[in-house]
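Trainee: Got a structure for you, questions after.
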Amino acid sequence: MSSKGKEPKLNIFKLIVIGIIFIIICTYLIYNIIELIKQPTDLFVVESGKITLEEDSIGYVIRDEVIISGENSENGLVQIKAEGERVAKGEAVFRYYSKNEEELNKKIEELDTEIQKALEGQTNIYTNDIKIIEGQIEDNIELIRYTNDIMKIREYKKNINNAITKKAKIIGDLSPSGSYIKELIQERSSYENELNSGVEYVTAVNSGIVSYRIDGFEDVFSVEDFSNLNKETLENIDLKTGQIVASSNTSGKIINNFNCYIATIMNSDTSKTKKVGDTVTVRLSSSNEVKAQIAYISEQNDGSNLIVFKIQKGVEELINYRKISIDVIWWSDSGLKVANSSIRYENNIPYVIKNMAGYEYKIYVKIVSQNDNYAIVNNYTTEEYKELGFSSEEISNMRKITIYDEILSNPNV
């Protein structure tokens, strides 16, 4: 057969071989693409980080609080100490309106206007005492201009009225028309005495923080005994989570500002391993994190646990609330942080695959702590490797994991 006859057959053979090779390459690439889709092998950079094991829940605030009230609560109260203000034992917290207070105050205001008009005509009387009093009046007027605090505004106005009365008494003794001014002052004093005689002041039974937010659960939630609490009691509380307790116009209360408690129902495996005295961290709805100690645990009929946490910081933050959202941080740990998806096991020993310039190395790692997504890992010591059954030669060839290593996030092994 001539060389010309063999040449077409050779070309066909080459095409067949090339076609087979192309099919093999395509098959290999398609297989690897599918595997990458199923288990992507992105790189994960090892960092120094922190992981936590936490659980969200609904908490019910329990305070050491004492309601204070008087006999004339139907008259409504006037705050002397503002919401959240600290008070000493025996100090006046609020008072009740006296009978006919509105009418008496109106008469006193009218007399103040008359006295002021009478004083305006006494421009020729100047004494050091009057100059001092006028300075006090101007100072208090200036203070009113630069505050929005209702309690302080009331105080400054009271100071102004007292100063005007003092000024009127002095001028009444010195001016020709003093008898008229004295009559006005005497009439004003009479109304003031009548007003003050009907006032009832309510004082603090102990030191603490003042609050006027009364929700009716003060007796239900007692710091003296948690045994009366259960899941049903908590869930039957008709309050929205995060709802601010409304202020009362008939009574107030004194709250211990050194500690308070948060009761919650938990059903996780971790919560069931805890015991009284254990310390955790509680994240409040404000994102503030406070240390807490487990003060009480009671197993419920459905297998869940009622847990009461004691906190000593952030107490003032919780005055306005009874029912809040919280995060219980059972533990936190720091160190070399890797994704759980990077960890594989060989004979129950965890390892990761390190990528270095395209080369891959197996590194055994010791898991220090782990949550659902990440783990804090460390290197095994020589003694620990020996306990795991590795030979001296194997141990000498072991590589270590370090910060900024690149490891496969989903190794195909």
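Trainee: Applying the selection to the stretch 302-319, what residues are in contact (Cβ under 8 Å) with a residue 60 or more places away in the chain and loosely packed, with under 13 Cβ neighbours inside 10 Å?
Mentor: Passing the criteria: only 302.
Trainee: Could I ask something else about it? For the stretch 354-365, enumerate the residues that are crowded, with 16+ Cβ neighbours inside 10 Å and either at pLDDT below 95 or part of a strand (DSSP E or B) (or both).
Mentor: 354, 355, 363, 364
Trainee: Can you find a residue in the stretch 105-114 that is touching a residue at least 40 places away in the same chain (Cβ under 8 Å), among the polar types (S, T, N, Q), under 30 Å from residue 233 (Cβ atoms) and in a helix (DSSP H, G or I)?
Mentor: no
Trainee: Out of all the residues in the stretch 92-107, which are surrounded by fewer than 16 Cβ atoms within 10 Å (Cβ to Cβ) and not small (Gly, Ala, Ser)?
Mentor: 99, 100, 102, 103, 105, 106
Trainee: Same structure, new question: Please find, among 240, 291, 272, the residue that is in a strand (DSSP E or B), among the basic types (Lys, Arg) and at negative phi.
Mentor: The unique qualifying residue is 291.
Trainee: Might you let me know whether the stretch 373-389 holds any residue that is surrounded by 11 or more Cβ atoms within 10 Å (Cβ to Cβ), hydrophobic (A, V, I, L, M, F, W, C) and in a helix (DSSP H, G or I)?
Mentor: no
Trainee: Got a sec? Which of 410, 320, 379 is more than 30 Å from residue 218 (Cβ to Cβ), polar (S, T, N, Q) and at pLDDT below 95?
Mentor: Checking each option against the conditions leaves just 410.
Trainee: Confirm whether residue 293 is exposed (fewer than 14 other Cβ atoms within 10 Å of the Cβ), within 30 Å of residue 65 (Cα to Cα) and under 37 Å from the mean Cα position of the chain (by Cα).
Mentor: So residue 293 fails the test.
Trainee: Taking only the stretch 328-367 into account, find how many residues are under 19 Å from residue 52 (Cβ atoms) and not hydroxyl-bearing (Ser, Thr, Tyr).
Mentor: 13
Trainee: Here's something else I'd like to know. So which strands (runs of 3 or more DSSP E) are wholly in the stretch 302-353 and hold at least 2 residues that are over 30 Å from the mean Cα position of the chain (by Cα)?
Mentor: 344-346
Trainee: Take the stretch 339-385 and flag every residue that is under 17 Å from residue 404 (Cβ atoms) and touching a Gly at 6+ places or on another chain (Cβ under 8 Å).
Mentor: Across the stretch 339-385, the qualifying residues are 374, 376, 377, 378.
The values are calculated or read from the model by the stated rules, or taken from the named source; none is laboratory data. In this text the structure is predicted, and so the values were computed from the model without any measurement. Positions of Cβ are backbone-derived with ideal geometry, glycine not excepted, and every protein chain shown enters the neighbour counts.
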